[in-house]
Ligand SMILES: Cc1cc2nc3c(=O)[nH]c(=O)nc-3n(C[C@H](O)[C@H](O)[C@H](O)COP(=O)(O)OP(=O)(O)OC[C@H]3O[C@@H](n4cnc5c(N)ncnc54)[C@H](O)[C@@H]3O)c2cc1C
């Protein structure tokens, strides 16, 4: 087991860090306040190779591993978990088109996605089905060479600003085998959006309903065969969960660093609060737990890279643990700031709000336990 990063890994980690500190960090608070979607900065990130991080080079991507992607997303999220969260979904969908699309679809979609000229959304959740995603009802009826799509997707990241919507639709029976995965292009007649949701965090990217009303889409936009959509969606999420967990690592590290600086500077009872052992123990636990979370995320990413049969379990475990622990680390950092933690100046509250949703999306942490338990019992 080698815990050292390679020279290459250190190099793109440094690139991501410099970009995050220069282009994201100075603006993240403002984007959060103003609910501004930073399209220009996301395009700049894509120009650095972060628009298709694990799309293979022969498909025009950066050709890095899942572990490499986790390192990059952690650095970016250190500055802005919300904007980075959007980029992780963009990368997840790019990876799905690369892996499950045919040559023509890859040629049609990937160059613009990878360059950041097109943003992509992942549409699985519906108003009546989130955790039980296979119960989705949005229907695609075959009609000549097209599908006629009717139904609504809920909570879609990038809804209304994305250029492509990779959508899970029911083309067959009511089981998970009756679901297909279809690319719906923006401006297709019959495609519309709800108002952006008003949220606790993740404010630099819109979340909205995506609605289909007699929306005609060529069947040639389907990735893979009919009935393969749910499997594709779940495979996409394995990696997506590592990406989200990596965003939690970045946010928690930022809060820990802020807290370390603050406790040395803030005085109470005639001394810096860093002198109190209770404060020191809290910092020690935060750092220890963050390290444990990082090791789990990297192990899960390595599992996925190695196509290990345990990859799904490792991803679910890492997502559950890292997103819970990192949210708690942000909360502890806020506590160490006293009243100043609760106001916006130190930005700890922004990270706490942004990281809260990581425990809910890409499968709630309860669903992660369902997956882990199922894998344990299957193997027993
Ligand atoms: C900001 C944001 C962005 C999102 N982006 C996207 C996106 O881009 N694309 C997309 O498709 N979706 C997206 N989602 C949706 C997200 O994935 C779902 O909200 C999530 O999967 C949970 O579904 P739900 O909200 O319907 O909750 P429900 O499924 O209704 O769950 C409610 C509660 O019941 C619990 N629960 C349900 N079933 C079980 C069980 N079997 N055992 C134990 N507990 C259970 C859940 O854990 C949860 O605590 C986003 C959500 C948010 C908030």
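For the range 165-196, give me the residue count where each residue is within 16 Å of the ligand (Cβ to nearest atom), part of a loop (DSSP other than H, G, I, E, B) and over 22 Å from residue 94 (Cα atoms).
Number of matching residues: 3.
Scan the range 198-219 for residues that are touching a strand residue (DSSP E or B) at 6+ places or on another chain (Cβ under 8 Å), within 16 Å of the ligand (Cβ to nearest atom) and over 18 Å from residue 120 (Cα atoms) and report the count.
Residues that pass the stated criteria total 1.
Scan 87, 110, 124 and give me the residue that is without any contact (Cβ under 8 Å) to a residue 60 or more places away in the chain and either within 16 Å of the chain's Cα centre (by Cα) or surrounded by fewer than 17 Cβ atoms within 10 Å (Cβ to Cβ) (or both).
Just one listed residue meets the conditions, 87.
Out of (1) in a loop (DSSP other than H, G, I, E, B); (2) over 24 Å from residue 159 (Cα atoms), what's the single condition that is false for residue 257?
Only one criterion in (1) in a loop (DSSP other than H, G, I, E, B); (2) over 24 Å from residue 159 (Cα atoms) is unmet by residue 257, namely (1).
Please tell me if residue 304 is more than 21 Å from residue 251 (Cα to Cα) and surrounded by fewer than 17 Cβ atoms within 10 Å (Cβ to Cβ). Please lay out each step first, then the result.
On the way: more than 21 Å from residue 251 (Cα to Cα): yes; surrounded by fewer than 17 Cβ atoms within 10 Å (Cβ to Cβ): no.
The answer is no for residue 304.
Mind checking which residues of the range 135-163 are within 16 Å of the ligand (Cβ to nearest atom), surrounded by fewer than 19 Cβ atoms within 10 Å (Cβ to Cβ) and within 18 Å of residue 232 (Cα to Cα)?
135, 137
Going by the conditions given, is residue 162 under 19 Å from the mean Cα position of the chain (by Cα), under 22 Å from residue 97 (Cα atoms) and part of a loop (DSSP other than H, G, I, E, B)?
The answer is yes for residue 162.
Tally time: how many residues in the range 336-380 are within 16 Å of the ligand (Cβ to nearest atom), outside any helix (DSSP H, G or I) and either touching a residue at least 12 places away in the same chain (Cβ under 8 Å) or over 30 Å from residue 235 (Cβ atoms) (or both)?
Within the range 336-380, the first condition is being within 16 Å of the ligand (Cβ to nearest atom), and the residues that meet it are 350-377.
In the following step, the residues that additionally are outside any helix (DSSP H, G or I) were identified as 360-364.
Checking which are either touching a residue at least 12 places away in the same chain (Cβ under 8 Å) or over 30 Å from residue 235 (Cβ atoms) (or both) leaves us with 361-364.
Qualifying residue count for the region: 4.
Take the range 22-60 and flag every residue that is loosely packed, with under 14 Cβ neighbours inside 10 Å and under 18 Å from residue 74 (Cβ atoms).
Answer for the range 22-60, where residues must be loosely packed, with under 14 Cβ neighbours inside 10 Å and under 18 Å from residue 74 (Cβ atoms): just 22.
Rule-based calculations on the coordinates, nothing more; no lab input. Everything numeric in this text was worked out from a predicted model, so none of it was measured. Neighbour counts run over all protein chains shown; Cβ positions are idealised from the backbone, glycine included.
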